[in-house]
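A.B. asks: Handing you a structure now.
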Amino acid sequence: MRGMKEEHKVKDIRIRITTTEEMLGTASANQEIHEEYIASKAPDALKMEEEVAAVGAEEVFAKAMTVFPRGSDGRPILWDYQVKGMFKDACGVLRKVTGSESSKIKAYKKEIDGLIFVMERQIPIQFDGAVGICQRPLRAQTPQGERVALVSSESIPAGAVMEFTVHLMLDEHEKALREWLDYGALRGLGQWRNSGKGRFSWEEIKRPQKRGGKAVQ
(Lines give C-alpha, C1' and ligand atoms only; values in the text may rest on other atoms or scores of the structure.)
Protein backbone atom coordinates (compact mmCIF):
# COMPACT_ATOMS: atom_id res chain seq x y z
CA MET A 1 0.00 0.00 0.00
CA ARG A 2 1.10 3.56 -0.70
CA GLY A 3 2.50 5.36 2.30
CA MET A 4 3.76 2.20 3.99
CA LYS A 5 7.47 2.03 4.82
CA GLU A 6 9.61 -0.47 2.96
CA GLU A 7 10.30 -3.51 5.13
CA HIS A 8 13.93 -4.44 5.69
CA LYS A 9 14.79 -8.01 6.60
CA VAL A 10 17.78 -9.27 8.55
CA LYS A 11 19.82 -11.95 6.84
CA ASP A 12 22.58 -14.39 7.72
CA ILE A 13 25.07 -15.32 5.01
CA ARG A 14 27.52 -18.17 5.53
CA ILE A 15 30.88 -17.48 3.84
CA ARG A 16 33.83 -19.73 3.00
CA ILE A 17 37.14 -18.02 2.16
CA THR A 18 40.00 -19.94 0.54
CA THR A 19 43.38 -18.21 0.26
CA THR A 20 45.05 -18.19 -3.15
CA GLU A 21 48.32 -16.76 -1.80
CA GLU A 22 50.11 -17.31 1.50
CA MET A 23 48.69 -15.28 4.38
CA LEU A 24 50.81 -13.56 7.03
CA GLY A 25 50.04 -12.97 10.70
CA THR A 26 49.41 -9.43 11.96
CA ALA A 27 49.59 -9.74 15.76
CA SER A 28 52.85 -8.67 17.41
CA ALA A 29 54.54 -11.52 19.23
CA ASN A 30 55.60 -9.02 21.90
CA GLN A 31 52.60 -8.90 24.23
CA GLU A 32 53.24 -5.34 25.42
CA ILE A 33 53.35 -4.00 21.86
CA HIS A 34 50.28 -6.03 20.91
CA GLU A 35 48.34 -4.65 23.86
CA GLU A 36 49.26 -1.02 23.20
CA TYR A 37 49.06 -0.76 19.41
CA ILE A 38 47.07 -3.65 17.94
CA ALA A 39 44.63 -5.06 20.47
CA SER A 40 43.54 -1.50 21.29
CA LYS A 41 41.51 -1.73 18.07
CA ALA A 42 39.26 -4.28 19.74
CA PRO A 43 35.84 -2.98 20.78
CA ASP A 44 36.38 -3.11 24.53
CA ALA A 45 38.94 -3.78 27.26
CA LEU A 46 37.77 -7.31 28.04
CA LYS A 47 38.16 -8.37 24.42
CA MET A 48 41.55 -6.68 24.33
CA GLU A 49 42.73 -8.80 27.28
CA GLU A 50 41.38 -11.89 25.55
CA GLU A 51 43.37 -11.14 22.41
CA VAL A 52 46.59 -10.36 24.26
CA ALA A 53 46.33 -13.71 26.05
CA ALA A 54 45.74 -15.49 22.74
CA VAL A 55 49.04 -14.28 21.26
CA GLY A 56 50.94 -16.40 23.77
CA ALA A 57 54.37 -15.77 22.20
CA GLU A 58 57.81 -16.04 23.72
CA GLU A 59 59.91 -12.93 24.21
CA VAL A 60 62.51 -14.20 21.75
CA PHE A 61 60.36 -13.08 18.79
CA ALA A 62 60.26 -9.54 20.23
CA LYS A 63 59.32 -6.49 18.21
CA ALA A 64 59.92 -7.51 14.61
CA MET A 65 57.77 -10.66 14.53
CA THR A 66 54.07 -10.79 13.68
CA VAL A 67 52.09 -13.94 14.38
CA PHE A 68 48.63 -15.46 14.25
CA PRO A 69 46.64 -15.53 17.48
CA ARG A 70 45.73 -19.03 18.67
CA GLY A 71 42.48 -20.58 19.78
CA SER A 72 42.07 -22.80 22.81
CA ASP A 73 43.35 -25.78 20.78
CA GLY A 74 46.54 -23.95 19.82
CA ARG A 75 45.55 -23.59 16.17
CA PRO A 76 45.77 -20.22 14.35
CA ILE A 77 42.62 -18.09 14.17
CA LEU A 78 41.32 -14.79 12.89
CA TRP A 79 39.30 -12.50 15.15
CA ASP A 80 35.87 -11.31 14.06
CA TYR A 81 36.97 -7.68 13.97
CA GLN A 82 39.74 -8.49 11.49
CA VAL A 83 37.08 -9.52 8.97
CA LYS A 84 35.08 -6.38 9.69
CA GLY A 85 38.28 -4.40 9.22
CA MET A 86 38.59 -5.98 5.77
CA PHE A 87 35.03 -4.85 5.00
CA LYS A 88 35.86 -1.27 6.03
CA ASP A 89 39.07 -1.27 4.02
CA ALA A 90 37.26 -2.50 0.90
CA CYS A 91 34.33 -0.12 1.31
CA GLY A 92 36.62 2.85 1.94
CA VAL A 93 38.32 2.26 -1.41
CA LEU A 94 35.37 1.08 -3.49
CA ARG A 95 33.10 3.96 -2.46
CA LYS A 96 35.30 6.09 -4.73
CA VAL A 97 34.26 3.92 -7.69
CA THR A 98 31.27 5.51 -9.41
CA GLY A 99 28.25 3.22 -9.47
CA SER A 100 29.60 0.76 -6.89
CA GLU A 101 27.41 -0.47 -4.05
CA SER A 102 29.95 0.95 -1.61
CA SER A 103 29.52 4.44 -3.07
CA LYS A 104 25.90 4.39 -1.84
CA ILE A 105 26.98 4.02 1.80
CA LYS A 106 27.77 7.41 3.32
CA ALA A 107 28.93 6.89 6.92
CA TYR A 108 30.33 3.48 6.00
CA LYS A 109 32.39 2.83 9.14
CA LYS A 110 29.41 3.53 11.38
CA GLU A 111 27.13 1.32 9.29
CA ILE A 112 29.57 -1.59 9.21
CA ASP A 113 30.15 -1.33 12.96
CA GLY A 114 26.47 -1.08 13.84
CA LEU A 115 24.60 -3.02 11.18
CA ILE A 116 26.93 -5.78 9.96
CA PHE A 117 28.22 -8.47 12.31
CA VAL A 118 30.54 -11.45 12.06
CA MET A 119 28.88 -13.98 14.35
CA GLU A 120 31.92 -16.10 15.25
CA ARG A 121 34.27 -14.41 17.72
CA GLN A 122 37.14 -16.70 16.69
CA ILE A 123 37.45 -17.98 13.12
CA PRO A 124 39.64 -21.12 12.82
CA ILE A 125 42.12 -21.18 9.93
CA GLN A 126 42.03 -24.66 8.41
CA PHE A 127 45.12 -25.69 6.46
CA ASP A 128 47.50 -28.57 5.80
CA GLY A 129 51.12 -28.49 6.87
CA ALA A 130 52.93 -26.31 9.37
CA VAL A 131 53.04 -22.58 10.02
CA GLY A 132 56.05 -21.11 8.24
CA ILE A 133 58.04 -17.89 8.50
CA CYS A 134 58.16 -15.16 5.85
CA GLN A 135 61.01 -12.65 6.05
CA ARG A 136 61.32 -9.47 4.00
CA PRO A 137 63.51 -6.36 4.19
CA LEU A 138 62.11 -3.13 5.62
CA ARG A 139 63.94 -0.03 4.41
CA ALA A 140 63.79 3.36 6.15
CA GLN A 141 65.54 6.68 5.69
CA THR A 142 67.18 7.93 8.90
CA PRO A 143 69.51 10.86 9.73
CA GLN A 144 72.33 8.31 9.48
CA GLY A 145 71.24 7.22 6.00
CA GLU A 146 69.19 4.30 4.75
CA ARG A 147 68.74 1.45 7.19
CA VAL A 148 67.49 -2.04 6.36
CA ALA A 149 65.92 -4.41 8.89
CA LEU A 150 64.46 -7.87 8.46
CA VAL A 151 60.78 -8.17 9.31
CA SER A 152 59.41 -11.64 10.03
CA SER A 153 55.85 -12.92 10.03
CA GLU A 154 54.24 -16.27 10.57
CA SER A 155 52.97 -17.61 7.25
CA ILE A 156 50.11 -19.95 6.38
CA PRO A 157 50.24 -21.47 2.87
CA ALA A 158 47.73 -20.87 0.09
CA GLY A 159 44.68 -23.11 0.27
CA ALA A 160 43.79 -22.21 3.85
CA VAL A 161 40.05 -22.15 4.53
CA MET A 162 38.04 -19.93 6.90
CA GLU A 163 34.29 -20.10 7.41
CA PHE A 164 32.13 -17.52 9.16
CA THR A 165 28.61 -16.11 9.23
CA VAL A 166 27.82 -12.49 8.39
CA HIS A 167 24.65 -11.11 9.98
CA LEU A 168 23.12 -8.22 8.03
CA MET A 169 20.65 -5.99 9.86
CA LEU A 170 19.66 -4.47 6.50
CA ASP A 171 19.24 -6.72 3.48
CA GLU A 172 20.23 -3.80 1.26
CA HIS A 173 23.83 -4.34 2.40
CA GLU A 174 24.04 -7.78 0.80
CA LYS A 175 25.23 -6.52 -2.60
CA ALA A 176 27.88 -4.38 -0.89
CA LEU A 177 29.07 -7.37 1.16
CA ARG A 178 29.55 -9.42 -2.00
CA GLU A 179 31.42 -6.50 -3.56
CA TRP A 180 33.80 -6.33 -0.58
CA LEU A 181 34.47 -10.06 -0.72
CA ASP A 182 35.16 -9.88 -4.47
CA TYR A 183 37.69 -7.14 -3.70
CA GLY A 184 39.57 -9.62 -1.51
CA ALA A 185 40.77 -11.40 -4.66
CA LEU A 186 42.81 -8.24 -5.27
CA ARG A 187 43.49 -6.86 -1.79
CA GLY A 188 43.78 -9.88 0.51
CA LEU A 189 43.91 -10.46 4.26
CA GLY A 190 46.71 -10.20 6.79
CA GLN A 191 50.12 -8.55 6.80
CA TRP A 192 51.95 -7.22 3.69
CA ARG A 193 48.82 -7.19 1.52
CA ASN A 194 50.36 -4.66 -0.89
CA SER A 195 52.63 -7.41 -2.19
CA GLY A 196 49.71 -9.73 -2.91
CA LYS A 197 49.84 -11.75 0.29
CA GLY A 198 46.56 -13.07 1.65
CA ARG A 199 44.53 -12.90 -1.56
CA PHE A 200 41.55 -15.21 -1.56
CA SER A 201 38.51 -16.53 -3.37
CA TRP A 202 35.16 -16.90 -1.64
CA GLU A 203 31.85 -18.69 -1.92
CA GLU A 204 28.54 -18.65 -0.12
CA ILE A 205 27.71 -21.85 1.72
CA LYS A 206 24.06 -22.60 1.07
CA ARG A 207 22.24 -24.11 4.01
CA PRO A 208 20.06 -27.10 3.08
CA GLN A 209 16.33 -26.39 2.99
CA LYS A 210 14.04 -28.40 5.23
CA ARG A 211 10.89 -30.20 4.06
CA GLY A 212 8.81 -32.16 6.46
CA GLY A 213 11.49 -31.92 9.11
CA LYS A 214 14.18 -33.38 6.84
CA ALA A 215 17.07 -31.55 5.22
CA VAL A 216 16.99 -31.40 1.44
CA GLN A 217 20.26 -30.79 -0.40
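A.B. asks: Please find, within the stretch 72-83, the residue that is farthest from the chain's Cα centre (by Cα) out of those that are outside any strand (DSSP E or B) and closer than 18 Å to Ser155 by Cβ.
C.D. replies: Here is the first cut: in the stretch 72-83, the ones outside any strand (DSSP E or B) are 72-75, 80-83.
With closer than 18 Å to Ser155 by Cβ added as a condition, the list becomes 74-75, 82.
Details: Gly74: 19, Arg75: 17, Gln82: 4 Å.
Result: Gly74.
A.B. asks: Please verify whether Asp80 is of a type in the set (Asp, Glu), touching an Asp or Glu at 6+ places or on another chain (Cβ under 7 Å) and modelled with pLDDT of 95 or more, treating the condition exactly as stated.
C.D. replies: So Asp80 passes the test.
A.B. asks: Now for a separate question. Among the residues of the stretch 171-217, write down those that are part of a strand (DSSP E or B) and modelled with pLDDT of 90 or more.
C.D. replies: Phe200, Ser201, Trp202, Glu203, Glu204
A.B. asks: Moving to a separate point now. So, in the stretch 128-170, how many residues would count as being without any contact (Cβ under 8 Å) to a residue 60 or more places away in the chain and of a type in the set (A, V, I, L, M, F, W, C)?
C.D. replies: Here the count works out to 5.
A.B. asks: Tell me which residues, restricted to the stretch 171-209, are touching a Lys or Arg at 6+ places or on another chain (Cβ under 7 Å) and without any contact (Cβ under 8 Å) to a residue 12 or more places away in the chain.
C.D. replies: Passing the criteria: only Arg193.
The values are calculated or read from the model by the stated rules, or taken from the named source; none is laboratory data. Since the model is a prediction, treat every value here as computed from it, not as a measurement. We place every Cβ from the backbone using ideal geometry, glycine too, and count neighbours over all the protein chains shown.
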